[in-house]
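Colleague: Attaching a single structure in structure tokens format; questions to follow.
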């Protein structure tokens, strides 16, 4: 099996993953993912597609991720891993789709408009 390259995005975070056969090592920006994502919740998000398809010890994953915050980066990695697993074996889709892992979350920060304080908040109105 050759290396599978996929991209996952969430908010402004972009994750590029390179998935190859191996022993279950996950490297994020040249660090172990447990050092990069310190909380258990974020580590779980990264592992979720591998756990659902029972492939925790099957693949080595090298990740380059930039932009956004740590939660957005973890979810971007999760989407990329999910896409890679489906590319390898189409049957994984049946497990991952009901969990909502194949859906790209489109929510982004709304831009600030001119003449306003923020995206929707207005400057204080003075009648007199």
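Colleague: Between 85, 79, 94, which is exposed (fewer than 13 other Cβ atoms within 10 Å of the Cβ) and not in a loop (DSSP other than H, G, I, E, B)?
Modeller: Sole residue among the options that is exposed (fewer than 13 other Cβ atoms within 10 Å of the Cβ) and not in a loop (DSSP other than H, G, I, E, B): 94.
Colleague: Quick check on the range 102-117. Is at least one of its residues assigned to a loop (DSSP other than H, G, I, E, B), in contact with a helix residue (DSSP H, G or I) (Cβ under 7 Å, 6 or more places away or on another chain) and over 18 Å from residue 10 (Cβ atoms)?
Modeller: There is no residue in the range 102-117 that is assigned to a loop (DSSP other than H, G, I, E, B), in contact with a helix residue (DSSP H, G or I) (Cβ under 7 Å, 6 or more places away or on another chain) and over 18 Å from residue 10 (Cβ atoms).
Colleague: The conditions are (1) part of a loop (DSSP other than H, G, I, E, B); (2) touching a residue at least 12 places away in the same chain (Cβ under 8 Å), and residue 7 fails exactly one of them. Which is it?
Modeller: Among (1) part of a loop (DSSP other than H, G, I, E, B); (2) touching a residue at least 12 places away in the same chain (Cβ under 8 Å), residue 7 violates only (1).
Colleague: Can you pull out the residues in the range 21-36 that are more than 14 Å from residue 74 (Cβ to Cβ) and surrounded by 14 or more Cβ atoms within 10 Å (Cβ to Cβ)?
Modeller: 27
Colleague: While we're looking at this one, here's another question. Which members of the range 37-69 meet the condition of being more than 27 Å from residue 89 (Cα to Cα) and surrounded by 15 or more Cβ atoms within 10 Å (Cβ to Cβ)?
Modeller: 37, 68 - these are the residues of the range 37-69 that are more than 27 Å from residue 89 (Cα to Cα) and surrounded by 15 or more Cβ atoms within 10 Å (Cβ to Cβ).
Colleague: Continuing with the same structure: Is at least one residue of the range 100-108 at pLDDT below 95, at positive phi and more than 11 Å from the chain's Cα centre (by Cα)?
Modeller: Checked against the condition, which is being at pLDDT below 95, at positive phi and more than 11 Å from the chain's Cα centre (by Cα), the range 100-108 yields at least one hit.
Colleague: May I ask you to say which residue of 56, 50, 19 is in a helix (DSSP H, G or I), within 23 Å of residue 99 (Cα to Cα) and in contact (Cβ under 8 Å) with a residue 24 or more places away in the chain?
Modeller: 50
Colleague: Quick one: count up the residues across the range 101-117 that are over 30 Å from residue 81 (Cα atoms) and surrounded by fewer than 10 Cβ atoms within 10 Å (Cβ to Cβ).
Modeller: 2
The values are calculated or read from the model by the stated rules, or taken from the named source; none is laboratory data. Since the model is a prediction, treat every value here as computed from it, not as a measurement. Cβ sites come from the backbone with ideal geometry, for glycine too, and all protein chains shown count toward neighbours.
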